[in-house]
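Visitor: Here it is: the structure, laid out below.
The values are calculated or read from the model by the stated rules, or taken from the named source; none is laboratory data. Model, not experiment: these values are computed from the prediction. Cβ coordinates were reconstructed from backbone atoms using ideal geometry, including for glycine residues, and neighbour counts include every protein chain displayed. What goes into the accessible areas is simple: the full protein's heavy atoms, side chains included, and nothing from ligands, DNA or RNA. Shrake-Rupley method; radii C 1.70, N 1.55, O 1.52, S 1.80 Å.
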Amino acid sequence: MKNLVLFLLVFFSVNTFAQLTIKSDLILFPQGYGLNLLNSSGNSSIVNDVSNISFMNPAAITGLKNYSAAISYQFNTDLKEAWIADIGMKRIYNFFPQSFGAVAKYGNFSFGLGLGQRYNGTKEFGKIPITTPDRPDGTGEFIELREKNTIQSYSLSTAYSLSEVLQSSFDIQIGLKYSLNYLRHSMYILYNNINAKGYYSSFSFGITSLFDLDEERFLQLGLSYEISSELNVNPQIDIDLLSIPDPNNRTNYYLHPIELFYKSPSELNFNIAVDATNDLMFLGGLRAVFWSSQKEYFKNQLEFSLSGLYKFSEIVKASLGFYSTDFKNENFSSLELGEEFNAFFLTTGLNLNISIISIDLALADSHLFSGKFTKQTILKLAAGVQL
């Protein structure tokens, strides 16, 4: 099966270039998007660590402490199976952090600066032995195929609190975020190298409201929407037509560049946070990802999260919860793979605040109740200061 999939990938890639096809869609494995909001409190878009400001509801930055900043790094276990034909996936580790954020306030205005890895993943196809009619067990040579994709997001956020205007027991905040996203794509097929990189912009806006339940307990609601964005880029192609029996006698061909197309899905987030007691808060979230705008055979996706956050003291807080997501591809229904992209993560976290230093540790695991393409463990560690 893997030999067939690899042959089709090589065949269509090389022949697409040879026929000078203008546009080629970049399809990314859904697992590479990860849990970008993961932190010690769970996966809320309105109650989160300042390091995740690039992915939060922009209006929620009003709830972050003034002059605070944090940076995070993330570690994922590899997915031995992430797609059909035993194609795996692993994270690309580099010095770029998973996320960074900083917040400053002036009057009723809040301003945020952030960066984060919106997408990170390497497709693992493995080595395929080359066979010939006279050597059916293999020639000792292998076909190699590698693909790497990352999207790094740089964001500016601003939010305004209407508390002075409303002068009541509830407050409304509105926010806007601009993100400049940098996509890098590279593929190696046999002797052929394809590299593409480019920038695209995205916008999101949000609103949050805060209601007083009593002197120490609050109810917070949040709604945000991120607009779909597109990128068209001409990749650099260093390609030699295949000549497997004698790789030293390849002939170079000049090929016109093709256009690589990527479209990010739009997203709608609804979140709620409520104080059950002075020390216990419940956080819930519903996220809709509109994949169908990217490809007609992708289904729109709903994600749910719920966590309980307990405050042991002014120094220590901990959480326990879950995050449920799925990915539907109509083409996989006939292959009985429709449920293999479902993921149910159990999440837990610990937050320590010692003087001006904040340590945020989060863990998510999906091995118990998930499809075989989404079983993994995610560890995220953030450290910051609060002035």
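Visitor: Mind listing the long-range amide H neighbours of residue 98? Cut-off is under 5 Å, sequence gap 5 or more, other chains count too, H placed in the peptide plane at 1.01 Å from N.
Guide: 72, 73, 74
Visitor: Another question, then. Kindly rank 49-56, 130-137 from highest to lowest mean number of other beta carbons found within 10 Å of each residue.
Guide: 49-56, 130-137
Visitor: Right, here's the next one. Among 148/380; 80/372; 105/380; 80/375; 80/148; 127/197, which pairs are too far apart, with a Cα-Cα distance over 19 Å?
Guide: 148/380; 105/380; 127/197
Visitor: Okay, moving on. Any chance you could look up the accessible area of residue 184 with a 1.4 Å probe, heavy atoms only, rounded to 10 Å²?
Guide: Roll a 1.4 Å probe over it and residue 184 shows about 130 Å².
Visitor: Could you tell me how far the Cα centroid of region 132-178 sits from the Cα centroid of region 267-321, in Å?
Guide: Cα centroid of region 267-321 versus Cα centroid of region 132-178: 17 Å apart.
Visitor: Run the paramagnetic zone check for residue 280: 7 angstrom along Cα to Cβ, then residues of region 299-313 with backbone nitrogen under 11 Å.
Guide: The answer is 308-311.
Visitor: What order do you get for 213-219, 339-345 when each peptide is scored by the mean count of other beta carbon atoms within 10 Å, highest first?
Guide: 339-345, 213-219
Visitor: Please turn the phi angles of region 136-150 into ³J(HN,Hα) values with the Karplus equation 6.51 cos²θ - 1.76 cosθ + 1.60 (θ = phi - 60°), one per residue in order, whole Hz, x for glycine and proline.
Guide: With the stated coefficients, region 136-150 comes to x, 8, x, 8, x, 9, 9, 8, 10, 9, 9, 9, 10, 9, 9 Hz.
Visitor: How many nm is it between the label spots at residue 95 and residue 182, if each spot is 7 Å from the Cα in line with the beta carbon?
Guide: Result for the modelled spin labels: 1.3 nm.
Visitor: Quick check: net charge around residue 289, other residues with Cβ under 9 Å of its Cβ, Lys/Arg +1 and Asp/Glu -1?
Guide: -1
Visitor: Can you work out the FRET efficiency for the pair residue 109 and residue 148, with r the C-beta to C-beta distance and R0 = 35 Å, to the nearest 0.05?
Guide: After rounding to 0.05, the efficiency reads 0.30.
Visitor: What is the extension gain from residue 310 to residue 357, computed as 0.36 nm multiplied by their sequence separation minus the C-alpha to C-alpha distance, in nm to one decimal?
Guide: 15.0 nm
Visitor: For region 127-197, report the accessible area per residue in Å² (1.4 Å probe, heavy atoms, rounded to an integer).
Guide: Ligands and nucleic acids excluded, the result is 54 Å² per residue.
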